[in-house]
Every structure is written in C-alpha cells, then in structure tokens.
Amino acid sequence: MTIPPTNENASRLPHEEQRIVSELSTNSNEPDSFFAVSKMWYASWRRYVNTPLGGGAPRPGPIDNSDIIETDPYLGRPSLAKEKAYVLVTQLVWNTLLEWYSGGPPIPRTFIYLYLSDSRDDDGDDHNEVSDIRLPKEASIRELYDMVCAKTVVSLEKAHIRDYYDMRKGQFLDPLSNKSLEESGLVTNQDILLEVDERGLAGLVNLGNTCYMNSAIQCLAHTPPIHEYFLRDHTHQGELSKAFGKLLTELWSSGTNYVVPSVFKTKVDKAAPQFTGHYQHDSHELLLALLTGLHQDSDIVNVFQGQCKSSLVCPVCGETANTYEPFTSLSLPLPSTPTWSISLLSCLDEYLAEEPLGPDNMLCPQCKEQRQANKKLDLWKLPEILVFQLKRFKTSKYFVKKIDTFVDFPVDELDLSKYVEKGESCLYELYAVSNHDGGIGLGHYTAYAKMIDDDNEWYCYDDSLVSPVHESEIVSSAAYLLFYRKRDGSDMDLMTIPNAPAPTAENASRLPAEEARILSELATNPNETDSYFAVSKRSSLLPNLDSASWRDSNVCVCRWYKSWQKYVDEPLGGGGAAAAPRPGPIDNSDIIETDGRSLAVKEKNYLLVNQQIWKTLVEWYNGGPPVPRTFIILLLSHARDDDVTFIRLPKQASIRELYQKVCARTGVSQEKARIRDYYNMSKGQLLDPLSNKSLEESGLLMNRNELWSSGTNAVAPRVFKTKVDKAAPEFIGHYQHDSHELLLALLTGLHQESDIVNVFQGQCKSSLVCPVCGETANTYEPFTSLSLPLPSTPTWSISLLSCLDEYLAQEPLGPDNMLCPQCKEQRQANKKLDLWKLPEILVFQLKRFKTSKYFVKKIDTFVDFPVDELDLSKYVEKGESCLYELYAVSNHDGGIGLGHYTAYAKMIDDDNEWYCYDDSLVSPVHESEIVSSAAYLLFYRKRVGSDMDLS
C-alpha cells in the first residue's frame, strides 16, 4: 500500500528527502545511538528517492519493522533478527522518517565499542594491530565470540576472550554465556584480548639459507607417528633425537609464533657435516640425513620404510632373480622434454618400468651364461608413511637444471592397489608437501601441511610466516616432496552400510557406489550433447564433479554436491560416524519463474545434466518438474586476433544476453562491443545489443560463427595468460595476485629459454661477523630485485635510500648460529649485506604488504624516489657504473582485496614522455605525478656512460 502525500509533504520532492536524510546522517551528535529499520522497507524508500523525476518507484507506506523482530530461543525474550535483515539509522534520521511516514515500532540500538587486541600479534613493540568491535549493549557474550571469531577467522573451539580493561589481563569470558555485554561489566571504549589455543602453527626462523631445513622439519612435525612419539614423555638417547624432540615440543606449544632452530642446526651439522654453514641445500637430502640420524636412536622412523622387489630377468630363458630392497622414499623421474603436465601415477609407472641394464650384468643360473638382463621393480611392502620425491633437479657434468613440469597428484585419495601383490591396505591421503619455488640458486623452500587434529585445515609454512592455504592451492608445479599417510580402515567390506537408512525394496540392490558409477558413465557417453536439463542446486544430487569424467560432460559444479558425494563415496562403515543419508526427491520449484512466454531459470541457481542422467535421476528419486535447456554452440572470432572461443547459450537466450556473455568473456564494455553474424566466415549484419529476440528467432544456428569487431587500442592477453598459467599454475584463475610475484615468475620462466633476463641479475655480498673476534665469513647471493622494508610505524614520508640503508643494515641473527673458525666457538653472529654487483636493470620492491600470522596490512607510506638520477656509488665497493634513471613504475592503489594495479612507463624512443597504463586505458601523465604513495615496483636502467669521475 502507498500513502498519498499529505499537504505538508506535497512540496517535498524525493530528492529533497534524500538530501535531508544524508545531512542528518553525517551530522549526528550521538554516534552510539541508532534505530533499526527493516531493510525491506528501507529499500523501497531508497528506490523512491533515487527515482528520476517524472516516474518510477511509488512513495512507500508506513515504516513496518514487524519482519525484523523475533524471539531469542536462548534468552526467551523478543530480540532483533539477524543483522542482514535490517539497517541502522541515527536517532535524528529515525525521528525524521517517523514524522514523514509514521509506523514502527521503534527499535533503539545503543552500541558498545570494544577494542580487540590479538595476543598472537604481540611482537614486543607498542604498535600491534587493534580491531574495532561494535555490538549492541544487549548483545550476549556468545554473540561477541561469534563476531570476534568471524573477524579473526578463528574457530570457536580455539578462541578465548578475556577482559583487558586498562590493558590488564582480567577474567576469561564464557563463550556460552547469554549474559549481555552490559550485564558482564563491559563498557564502551574498553579493550578485550583474544587468546588462541592453536598448536602446530609456529614457524621456523631462517638462519641464512636454511629454508630447505625448515621445510623438511615442518613436514616431519606434521607426521602423526613422529608427532606422537616425540611429544610424549620419552627419553631420547642421542643428541640429534633430543634436539629434534625439543624442537617439536616448541613448535607445538600453544601461543608460539615462531621458533629459532639454531641449537637443532648445530646438532644437524655434527651428525651430517655436509650441511654445515649457510648454503642452500636439498630438502630431500636433509630429510634422508635426519631419518638416518633419528633411526640410530629409535625405531619410530620405520614408519617410513617400505620394500621394493627388484627382479633381474634373463632375456633368453626368462629366469628371474629377485632381491628385496628397502626404501624410505621413492624418487620418481620427471620427463626431461618440455611437458605441460603429468600424473603422479604416470611417474610411478616410469619408475617401476622394466629397463635393460648394461651388457653381461647377470650370470643366468639356468643358461650358465653372462646375459644383458632387464631390471624390473615392484612395490612389495608399503610403509605407513609414503614419501615421493619428484626429481626436479637434473644434474649433468657442468650444470644443474630444474624441471618445472606440473605433476598432478591426488590430495584426498591415492590408490596404489594395482601396484601391490600382497593384497594389503593401499589407500593413502596427502598430509604435507615440501615445495621449491624459483630456479637454481634463486630458489626458496616452503611447506604445506595439514593440521593433525583437523583434516580440513591446510597451512603454508614459509620460514617464520604461517598462513592458511586452501586445499585447491596444494597441487602446484613447485611440489617437490609429497608426504602421504596410510588411510585407516581402507581394507573395507563393501557389502554393508552401518547406520544408513534402509534402502527401499526397489533400491535394495543398488549401492551408492553403483549410482556413482552409472551416472559417471552416462555423463561421458551422452547422445545429445546440446540437450540438458536443469536441476536445482538445493537438490544435492550430483556426484563428485572433481573427476575428469564429470568435467568432460560439461556438468556445472554444484555447491551442495558434497552431500551426494558423501552418500556414494563415503567408505562403508564411516570410521564410526553416521553415514550420509540418501537425498530426497528432486525439487526444481525454486528455479522456475515466468518471463511471460516460457520457463526461465537463473543460471546461478541450477546445474545441468544431460538427458540420460536426468531420466535416471527421476527414475531413482522422483520429483521435478523437468526444465529442459537446449543449447546453441557459437564460435566467437575476434577481429584483432586468430583466437576462436566457444560460446554456449540456451537457444531461448536473447541477443542482449549474448552480448553480456561475450563482453564478460572478453573483458570489453558493452558500449564498445559490436557482434555481427559471421556465417560461412562472411561478414553479415550487426546484432542489436538491446534486442530481446532469442538466438533461435534471430536465425543463429548450432556451430555458427560470430565476429566481435572492435578497435585496435587495446590487446586482449588471453593467449599469454594461458601460457603464464601453464608455466606458473599459482596464477591460474581470476584472483588478484601480487605483481612482484608475477614478475619473478615471468623472469624465471623466460630465463629457461634465454639469457636476456641476466640484465636483471645483480649480486649481494652477505657477511657473517663474529661479535667477539670480528672474524668474517662471506657468501655472494644473486638477486633479480631488492625488496626494501618500509617502516611499520606511521610515517609521512621516507626516502628510497633510507629504505636501502635499512635493507643493508647489520642485524644480529639467532643465538649460536655461527661456528667461528677463529674462536672455535658457537657465536651469535651479526649479518651484513653489501651491494657487490649492480645489474643493468635494477628493480626495487617497496614492501607495502605486511603479513602477520593471520592478516595482511598495507603500508601507504610515501617513498620519495629519484626519477632522473639515482646515484648508488657509495654502496658499491668495486667502482663500477652507479648512476640509474627511472623508466617504469608498477603502482598499487587501494587496500587489501580491493586494490588495483596500474603502471607508469617512459616511452623508449622519447625520454620526455611518460604514460599511465590502466588496463586497456592509456593516457599521458606528467613526470611530477610519477612519485606517489601508490608506487610498488620501481624499474631503473643504468645510465649510459655513467662510469664517471665522481670526485
């Protein structure tokens, strides 16, 4: 119902109401006093005041808040509905709206502001992050926990909030309490402290090129038998075992952010002297050395030990001689020829394949002759912990080459049953990965590991930095060591399903696994590839769509498919847990709407199955109604390149929808896009972007060609993006990434084919100085860019050279990190960097993104850097050319998650012209605008003839 405006409202136009409310909102004197207004009513008012004069939305009726009041089941009294159902307005705005529209009831909300500190961010300074928490004073402690856990991404089970009034630790607040904030004694503008019980999330400090050791240790620390053995009360005899047990205890202590493994490093150096010093080593070699050292003191490392059967076969008579060889890891070969990807099992097949040995290597007991035997390996006994090394480093006589082939390995289930003769348990699941990023000499080791007490949580361990990582990121071309653990109860009886609902008579003979098999076959063998049926995403019916067979059938991924997957794929017996229930009838009622002539379905609400699958599902589950979708496949050509893209749309879709899909696919605005009929590769008429005619009515047929024609002011780098995705899979998809990380990946990839990127390579001298006798140990480290720190405390501006000074400054390392050759004692050395060799192209990264354990913060400090002349003569000992000039800048504007990258670049053929490159938009920019607080990467080139007398 709408209310005709009264006389006093007749002269008040909609835009005037908007102006008055806007002014009242920005000039409120009571910032903590608000009133809740139904979002439904407020949206109708917004439509009214935003309508251009002359028509549109009607004036709304009285304020109606009845839809946002509900009874709190915990408190037993009326309360406000979930926050998403209402908006908050100041008291002045509420009084004004009530005067204009009447209605109600009034729902006042007085807020308490709390300042949340996180104990995990306590690094010893006075500038730790503080988050603002705003809640109504009537909110419960339980609601406070909910908000804090959502803001900090901490599970409720691990969070502990305590009163922190006047920065003093008070009592813990009960997470189950229904007491209000006011009743609990919390007042506005006071502090609260979050303490998190999280074990196993501690990093390891890099002692100087010890990332290889840190990566291997984190993988071992998350190995369940190792974890259990070394953390329980146990007397370890050897020095290495004692140090390792102590290190694991520190890593798994609650509240520990990082551990300095200097004592453990000295024990490793004694047990395996090849790792002495601060050179980069191989994490696999260190792993084997650790297991060998620990094995001298304990049998626990037997969990890594398996057995291969090695067979020598006489090529003449077939006589076989078998030996049984133990292993603690399997080193799988990778193809040396360029290959985009290969599966883990293909690598294992290659490792086990029969191969001829040298001549006369076997005295055949049957032939009584020396023969050139063939050697064949088989897996004879599988260990509890199975480690694969992907042999990425190929060593020849004069060089070492890294193989970056993408190896596709399973995360949830590795089935090795076909490789084992003895019929033992053969199912494994991944729990840790040691990664190697970068090239030879410039590489860096990290680790991914799954939490022992939570199979769904993966974390990335990058030296002292620990951060959550999504399971989809685990499989990458950086993977080097894969750690699998044997799955419990993988030898299962497939004939019963405990705790599952009893199947009906007609379904008694069809097990869930059989349903998955049947649908998978139907998905890969459709008879009508352009005929599909829509199924509501709420029906939860489709199987594991991650498998290749389902991807090939063009079935859209459903966000609820895991419930069906659990039903058909859950190991029978469920490990004691209740089996997933059989889903109910198909219900498509929520995806049907009327557009005046036919059934229309919003794509985001449904998924597609082919006609055979639809008929099978209806037969099994009943329900409906059927929503057929017949598709037209169009071939989209681009006027500016030779690429052809497939466009699939329902034949009922309009030309307007075709434009929307093409523009979304190509990143072109609809104002600039022109699509024309291109049947038989002949230019036909242009299609009207505003037309509601269907594709079928417009005469477009299956497999017809369309042409998108546009100007030549922008290039679509789609082909290049696919090549980047192949070379560096971490950039696959359309997520925001770091331009510096992409730059390093590009230089690494290009370096494999050309030496041109050597123009970016310089060298630093790294010196470890004994604080007692002054003895110095030098190493020389290459770089392709210099990552300069920015002050974490608020600072208006700082010079580029001040940042460089901070980067090169002497700093103390962890205790006992240097065995001084002069003193013959372990010392806490100081580390000092110097620029030793400067490259032709010098790139600075201004480290604007500060990462803590649980969040990323951007530093917007203004860095004043020279444009025309950067003089580095005072930093170089060798007297080489030291003058540089700026020629390009990569900028980052905005905050974390909402930022945007642009570039400034100087024209190569004209030193006076600078341009701004903002994606497809290019515009001139004055040199005075180049230096800004958005600058992130600075590109300098060495000035010609700069070897001058600087006196």
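The values are calculated or read from the model by the stated rules, or taken from the named source; none is laboratory data. Just so it is clear, the structure is predicted and the values come from calculations on it, not from any experiment. No Cβ is skipped: glycine too gets one built from the backbone with ideal geometry, and neighbour counts run over all protein chains shown. The accessibility values were calculated without ligands, DNA or RNA, using every heavy atom of the protein model including side chains. Shrake-Rupley method; radii C 1.70, N 1.55, O 1.52, S 1.80 Å.
Whenever you get a sec, line up T249, T90 from highest to lowest accessible area (probe 1.4 Å, protein heavy atoms). Display every interim value, and only then the final one.
Details: T249 70, T90 15 Å².
The residues order as T249, T90, largest area first.
Work through the residues other than L352 whose Cβ is under 9 Å from its Cβ and net out their charges, Lys, Arg +1 and Asp, Glu -1.
Local charge sum for L352: -3.
For S797 and E929, the FRET efficiency from 1/(1 + (r/R0)^6), where r spans their Cβ atoms and R0 equals 22 Å, is about 0.85.
Quick check: with the 1.4 Å probe, what order do W100, W914 take by accessible area, largest first?
W100, W914
Within the full protein context, the accessible area of M818 is estimated at about 10 Å² for a probe radius of 1.4 Å. Rounded, prolate or oblate for the range 727-774? Axes are the square roots of the Cα gyration tensor eigenvalues, ordered a ≥ b ≥ c, and the cut-off for rounded is a/c under 1.5. Note, shape of the range 727-774 comes out oblate.
Ranked by the mean number of other Cβ atoms within 10 Å per residue, highest first, peptides 882-893, 314-325, 288-299 order as 882-893, 288-299, 314-325.
Counting alpha carbon pairs within less than 8 Å and at least 6 residues apart, what relative contact order, in whole percent, applies to the range 257-368?
Values: 67 pairs, mean separation 19.1, N = 112.
Rounded, it is 17 percent for the range 257-368.
Per-peptide packing, taken as the mean over residues of other Cβ atoms within 10 Å, places 765-777, 202-214, 610-622 in the sequence 202-214, 610-622, 765-777 from highest down.
Shown are Y229, Y115, whose ranking by accessible area with a 1.4 Å probe and every protein chain present, most to least, is Y115, Y229. Rounded, prolate or oblate: pick one for the range 236-341, where a ≥ b ≥ c are the square roots of the eigenvalues of its C-alpha gyration tensor, a/c under 1.5 means rounded, and failing that, prolate if a/b is larger than b/c, else oblate. Prolate is the answer for the range 236-341, as a/c is 1.5 or above and a/b outweighs b/c.
The solvent-accessible area of R582, taken with every protein chain present and a 1.4 Å probe, is close to 80 Å². Between T323 and E806, the modelled label-to-label distance comes to 6.0 nm, taking each label 7 Å out from Cα in the direction of the beta carbon. Taking label points 7 Å from Cα along the Cα-to-Cβ direction, T851 and N302 give a separation of 4.1 nm.
Checking the table K672/K858; K309/K418; K765/K942; K267/K837; K265/K832; K158/K450 against a 26 Å threshold on Cα-Cα, which pairs fail?
Violating the 26 Å Cα-Cα cut-off are K672/K858; K267/K837.
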